[in-house]
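Enquirer: The structure under discussion is supplied below as structure tokens; questions concerning it will follow.
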Amino acid sequence: MASSSRRTWRYRVFTSFHGPDVRKTFLSHLRKQFSCNGITMFDDQGIERSHIIAPALTQAIRESRISIIVLSKNYASSGWCLDELLEILKCKEDIGQIVMTVFYGVDPADVRKQTGHFGRAFKETCDRRKTKEKEERWSQALEYVGNIAGEHLINWVNEAAMVDKIATDVSNKLNATPSKDFDGIVGLEAHLREIESLLDLDNDEVKMVAITGPAGIGKSTIARALHSLLSNRFQLTCFVDNLRVTYPTGFDEYGLKYRLQEELLSNIFKQDGIRICHLGVIEERLHDQRVLIILDDVNNIRQLEALAGDITWFGPGSRVVVTTENKELLQRHGINNTYHVEFPSRGEALEIFCRYAFRQSYPHDRFKVLAFKVTKLCGNLPLGLRVVGSSLRGKKVDEWEDVMNRLETILDHQDIEQVLRVDYESLHETEQSLFLHIAVFFNRNDADLVKAMFTDNSSDIKHGLKILVNRSLIDVSTKGEIVMHKLLQQVGRQVVHKEAPWKRRILTDAQVICDVLERAKVKMCPRAFKRMPNLRFLKVYKSKDDGNDLLHIPEETEFPRRLRLLHWKAYPRKSLPLRFYLENLVELKMRHSHLQKLWEGTQALTNLKKMDLSWSFNLKELPDFSNTTMLESLVLRGCKNLVEIHSSIGNLRKIEFLQMSFCVKLQVVPALFNLAPLAFVGMEGCSQLRNFSDISTNIRTLSIADTMLEKISKSVRHWSSSLNENPNLKTLTQLPATITTLDLSFSGIETICCLQGLHMLREIRLFDCTELKSLPELPCFLKSLNANYCESLETVPCPLMTPFAKLSFTNCFKLDQQARNEIANQRFHLLQLGWSWLPGTQVPAEFEHRAIGNTLSFPISALSIFKVCLVCSSNNLADIYDKYYLSCRWMRKGYSNSFQAIEIYGFFISSYQHKHLLVFPSYLLLKYGCFEESGELTFEFTSVDFDVIECGVHIFKEELDGSNNGGSGDEDGDSNHWNTQESGQDSDEDEEADIISDTISESGPSEASGGDGVEEDYISVSRKRAMNTTMTGASINLKWGTKRRRF
């Protein structure tokens, strides 16, 4: 089977026709129109007609992209035409040739049934040949093409209009995919589909559409591919590239517009040196033309005013596409249809990198971990992935490691820096300063916190942030965090580093700072900050964790009064200096400090919003925080000598995040916690905490894992809590109706109450609940269930009505037959991307199409929905706590798509031996989960992390409504399918497996807020090791102490 998209075609069109009927009329007009449109059509003039189709004709048919069959009254009178028809349909089947039909003076029904004049001509031809087998083949072919929808002359007012429509249709089909120039560009087709939808090409209105996104994201590449794809659908086209660089200088505004318009007209008419006498020439020349104009890398409003001042300049159906990083320009010019190019997913980013580093879609085995790390360091930016990937091609492991070490601190790729620095240099000095401060101090900080750091010019900071957002230099996340891309951050740091020392506003070089502070190696001068009254942001890092704290701070040291941010790792003194002025401080971060106390008495901390004293092992007491009324975050994690939390903290009503985890000596907490709405309170690991008081009911999350608590207060039960690592809790009898996440991992839980009525519950975590034998009824809108390592689990609800859920039951080897059938036959909702993951060694019998190995072919009817089952086994290459990729390639006759990477997360441990089944719906692999046409379909699954050893597919025969009708738990009792142990292997190894697809849509019955406007609450009860699985908004941690993004 050959892919039609990869062939080289000698001709665009082959036309099968009966000469006397159409050669001098319809065909001559069609040939002329094709010539005008640049479409090559095979010319049969000079070929001698005979009873047997000439080899030259056979060759011409096979070398043509499209065959047009012109069915006229006497078409069937020619055996030659009928043999051409057989060859055309053979090429359609073998190489995916496109077949079009034209019914020229003949009824399609007469063609299908061989009746009327057409039928009589066909009968005469068959009588002459006297071959029954050939007659049957011709008849079947005519019936087939008679059913192909085509142009019917009787439906047209005149023949010329029909010819024009056919030529347009042929052009569209020839340009249905990008040219080979853009083959292998990951994610390009998805971008083009979205932009085509915005362009609405069937609408005769004139439209302007913009493509936006940060530098290096691929806007120009997408625009060029779009131009290649759509050019033949317009009378005139032009691509005005790199306007930022080619922007004319030395002209006044009028002269500038003159020059730009002359260049546009020269481009669009393909004539060098066009000159204009006034600025209305574009409208005069183009107002009646359907044009496609692409303006690439626009960075000045004058460019838009000169080249696309008004939609009235262009003819009906025209489209103007603008690429820019400056969204403010679009607002000023009134362009509201915008496509923002998002960063590629992790899987796509890895594939982009691998295509340049390895010339394939996945990494070589020895470079797998390194490829993941480099991709992460490049921040998924296509430009960085391309440049760094190309630079690493063919290099050894140690050379890769050197490059990674440099990427951590500096950006030494000129190709990347030059592109990214352009936007920074276009900023006003005020915005440049803000950009640099974000790069050095405030990346991934809360936007409100950053505004508070610049309270004396708050209006300027708001305006500056808006400009940086509009220029795509930063983004503000849904959580309100300012996010600057890693490589842009490196650009900012390098700008600071390259400034002349006497001009520097920000000091980052350790030696320069030492010189400024006038200190020796072990002492800091008491007046070091005296000459720096404007110092606002100070970060002091400890480069080595060797216990050798060199810096000495005198008692009389005077800190600047205007200081707003102070980060000082391993602060060496036992308390803050007496002349430490706190009234302007917004954030104080002193992790691993030697502090025993902060200050005496009550301080007026009127601006303090964040304080972090984590791992200050010597801290014994906290001061009175009564006047710290603006405090929003207080982190005391790991302060192991802290015994009491001051009562004033319980009444700080703006605190949203209070973390006291692993304060192992903590015994006394405030009698009442009356904090901000939706606050988080963490006390896990406070192993001496026995009593817990009431807490306000509007708290979002309370985590009190691994404590000595023996009972839960009523106020906690009313909303939601996390009680991780409390082995004494055996039964859960009641839960709040608003709960969205339930975490009982590592607990001794034996019985769970019915969960079916908890309609807001979206996620359940039961990891390593070794005493749990049965699952209760589950809510139908559940999105995720992790029951991995529930080694005693035997039964699940039947039927298992969770159509939206991802179900994971790895290493649950005691699941009974009914439970396994029920999990494997989960009723997937057609518009959601759930899956099931459970022990098993063979594809179950209900998957009617099965094959050993990683490739499976099966016939499928148009619009059929199906589900896939894979038997997976570790190949001992997977690393613990890594992310993994399952690549899928689907093929059918005439077409083959490139490999698409489905990103997988989980804990495939290298010693993992037992086979598991992964079951998922076709929606994961195909748009809308189905093909529009019938035919044979082939899937190939590969992964560098694990082996796919068997495949199966079940096609749903009946019409589906909402969810599929997979078999119930009592079907297919063949226990051999579920044999989870092989000779010499144990079933109780301490392993974990969890798989989540990065391609899964975030739409569904619930988003982060549960779809009901209610923030996510959750309950967690667990024991054993401290596994940080706290879910906040849209992030979850699946590794010991390492954050994961939403899956």
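Enquirer: Residue by residue through region 162-168, which ³J(HN,Hα) values in whole Hz follow from phi under the Karplus form 6.51 cos²θ - 1.76 cosθ + 1.60 (θ = phi - 60°), with glycine and proline marked x?
Expert: Here the 3J(HN,Hα) series is 5, 4, 4, 5, 4, 4, 5 Hz.
Enquirer: Place a point 7 Å from the Cα of Val512 along the Cα-to-Cβ direction; which residues of region 407-430 have their backbone N under 16 Å from it?
Expert: Flagged as within label range: 410-411.
Enquirer: Accessible area, 1.4 Å probe, largest first: how do Tyr362, Tyr11 sort?
Expert: Values: Tyr362 95, Tyr11 40 Å².
From most exposed to least exposed: Tyr362, Tyr11.
Enquirer: I would also like to ask the following. If you find the alpha carbon centre of region 407-480 and of region 188-253, how far apart are they in angstrom?
Expert: Their Cα centres are 27 Å away from one another.
Enquirer: Can you tell me the FRET efficiency between Asp94 and Trp599 if r is taken as the Cβ-Cβ distance and R0 is 60 Å, rounded to the nearest 0.05?
Expert: Details: r = 84 Å, r/R0 = 1.40.
That gives a FRET efficiency of 0.10.
Enquirer: Fully extended, how many nm does the chain gain between Ser687 and Tyr144 (0.36 nm per residue separation, minus their Cα-Cα distance)?
Expert: 187.7 nm is the gain from fully extending Ser687 to Tyr144.
Enquirer: Starting from the Cα gyration tensor of region 188-340, take the square roots of the eigenvalues, sort them a ≥ b ≥ c, and report rounded, prolate or oblate (rounded when a/c is under 1.5, otherwise prolate if a/b is larger than b/c, else oblate).
Expert: Here region 188-340 falls in the oblate category.
Enquirer: Average projected area of the Cα convex hull of region 11-175, in nm²?
Expert: Values: hull surface 36.1 nm².
Averaged projected area of region 11-175's Cα convex hull equals 9.0 nm².
Enquirer: What full-extension length gain, to one decimal in nm, is calculated for Arg653 and Lys24 as 0.36 nm per residue of separation minus the Cα-Cα distance? Intermediate values should be presented prior to the final figure.
Expert: Values: separation 629, 0.36 × 629 = 226.44 nm, distance 8.85 nm.
Going from the current span to full extension adds 217.6 nm.
Enquirer: Further question: Ignoring everything but the protein chains, give the 1.4 Å probe accessible area of Trp890 in square angstrom, nearest 10.
Expert: 30 Å²
Enquirer: Moving on to the next point. Under a 5 Å amide H to amide H cut-off, with H placed in plane at 1.01 Å, what residues pair with Leu742 once short-range neighbours are removed?
Expert: Glu763, Ile764, Arg765, Ile1019
Enquirer: So, R0 is 45 Å and r is the distance between the beta-carbons of Glu262 and Ala862; what FRET efficiency does that work out to, to 0.05?
Expert: Values: r = 52 Å, r/R0 = 1.16.
So, using R0 = 45 Å, E works out to roughly 0.30.
Enquirer: Please calculate the 1.4 Å probe accessible area of Ile98, with all protein chains present, and give it to the nearest 10 Å².
Expert: 40 Å²
Enquirer: Identify the GluC sites (Glu not before Pro) of region 282-360 meeting these criteria: DSSP loop state and at most 12 other C-beta atoms within 10 Å of the C-beta. If you can, show how the numbers build up before the last one.
Expert: Numbers: sites: Glu283, Glu284, Glu305, Glu325, Glu328, Glu342, Glu348, Glu351; in loops: Glu325, Glu342.
When the GluC sites (Glu not before Pro) of region 282-360 are filtered for loop state and at most 12 Cβ neighbours within 10 Å, Glu342 remain.
Enquirer: Related question: Please work out whether region 156-214 counts as rounded, prolate or oblate from its C-alpha gyration tensor, where a ≥ b ≥ c are the square roots of the eigenvalues and a/c under 1.5 means rounded, while otherwise a/b larger than b/c means prolate and anything else oblate? Don't skip to the end; give the middle numbers.
Expert: Values: a/c = 4.07, a/b = 1.65, b/c = 2.46.
In terms of gyration-tensor shape, oblate.
Enquirer: Okay, next question. For the pair Glu848 and Lys113, how long in nm is the line joining their label points, each one 7 Å along Cα→Cβ?
Expert: 3.3 nm
Enquirer: Further, regarding this structure: Taking loop as defined by DSSP and a crowding limit of 13 other beta carbons within 10 Å, which chymotrypsin sites (Phe, Trp or Tyr not before Pro) in region 311-382 fit? Write down the numbers at each step before the final one.
Expert: On the way: sites: Trp313, Phe314, Tyr339, Phe353, Tyr356, Phe358, Phe367, Phe372; in loops: Phe314, Phe358.
Answer by residue number: there is no such site.
Enquirer: Largest first, how would Lys654, Lys92 line up by accessible area (1.4 Å probe)?
Expert: Values: Lys654 95, Lys92 70 Å².
Listed by decreasing accessible area, they come as Lys654, Lys92.
Enquirer: Over the heavy atoms of Val388, what accessible area does a 1.4 Å probe trace out, to the nearest 10 Å²?
Expert: Val388 has an accessible surface of roughly 0 Å² with all protein chains in place.
Enquirer: Now for a different question. Between His428 and Lys132, what is the label-to-label distance in nm when each label sits 7 Å out along the Cα-to-Cβ direction?
Expert: Inter-label distance under the simple model: 9.1 nm.
Enquirer: What translational diffusion coefficient, in µm²/s and rounded to a whole number, does the Stokes-Einstein relation yield for region 346-409 at 4 °C and a viscosity of 1.567 mPa s, taking the hydrodynamic radius as the Kirkwood radius over Cα pairs? Please report the intermediate quantities before stating the final value.
Expert: On the way: Rh = 11.1 Å.
Answer, rounded: 116 µm²/s.
Enquirer: Going by average Cβ density within 10 Å per residue, which order do the peptides 71-78, 58-65 take, highest to lowest? Show your work: numbers first, answer last.
Expert: On the way: 71-78: 23.1, 58-65: 18.4.
Per-residue mean Cβ counts within 10 Å order the peptides as 71-78, 58-65.
Enquirer: Report the percentage of all Cα-Cα pairs in region 242-303 whose separation exceeds 14 Å, rounded to a whole percent. Each step should come with its number before you reach the end.
Expert: Working: 1135 of 1891 pairs.
Beyond 14 Å sits 60 percent of the P(r) for region 242-303.
Enquirer: Name the shape class, rounded, prolate or oblate, that the alpha-carbon gyration tensor gives for region 415-498, where a ≥ b ≥ c are the square roots of its eigenvalues, rounded holds for a/c under 1.5, and otherwise prolate holds if a/b is larger than b/c and oblate otherwise.
Expert: Numbers: a/c = 1.72, a/b = 1.46, b/c = 1.17.
Here region 415-498 falls in the prolate category.
Enquirer: Now, a different point. With r defined as the distance between the Cβ atoms of Glu284 and Glu63 and R0 fixed at 35 Å, what FRET efficiency is calculated, to the nearest 0.05?
Expert: Values: r = 44 Å, r/R0 = 1.25.
According to the calculation, E is roughly 0.20.
Enquirer: With labels modelled as points extended 7 Å from the Cα through the Cβ direction, what inter-label distance (nm, one decimal) is found for Arg366 paired with Ser477?
Expert: If labels sit at Arg366 and Ser477, their model points lie 3.7 nm apart.
Enquirer: Report, in debye and to the nearest 20, how large the dipole of region 188-340 comes out about its Cα centre when Lys and Arg carry +1 and Asp and Glu carry -1 on their Cβ.
Expert: About 220 debye.
Enquirer: Please go through region 103-145 and write out the trypsin sites (Lys or Arg not before Pro) that DSSP classes as loop and that have at most 11 other C-beta atoms within 10 Å.
Expert: Working: sites: Arg112, Lys113, Arg120, Lys123, Arg128, Arg129, Lys130, Lys132, Lys134, Arg137; in loops: Lys130.
Those satisfying the criteria are Lys130.
Enquirer: Which ³J(HN,Hα) values in Hz, rounded to whole numbers, follow from the phi angles of region 854-865 under the Karplus curve 6.51 cos²θ - 1.76 cosθ + 1.60, where θ = phi - 60° and Gly and Pro get x?
Expert: Those phi angles translate into 9, 10, 9, 10, 7, x, 9, 8, 4, 6, 6, 9 Hz.
Enquirer: What is the extension gain from Asp181 to Thr338, computed as 0.36 nm multiplied by their sequence separation minus the C-alpha to C-alpha distance, in nm to one decimal?
Expert: Full extension of this stretch gives 54.0 nm more.
The values are calculated or read from the model by the stated rules, or taken from the named source; none is laboratory data. From a predicted model like this one, the values you see are computed outputs, not experimental measurements. Every residue, glycine as well, gets a Cβ built from its backbone with ideal geometry; the counts of neighbours run over all protein chains shown. Each accessible area value is taken on the protein alone, full model and side chains, heavy atoms only, with ligands, DNA and RNA left out. Shrake-Rupley method; radii C 1.70, N 1.55, O 1.52, S 1.80 Å.
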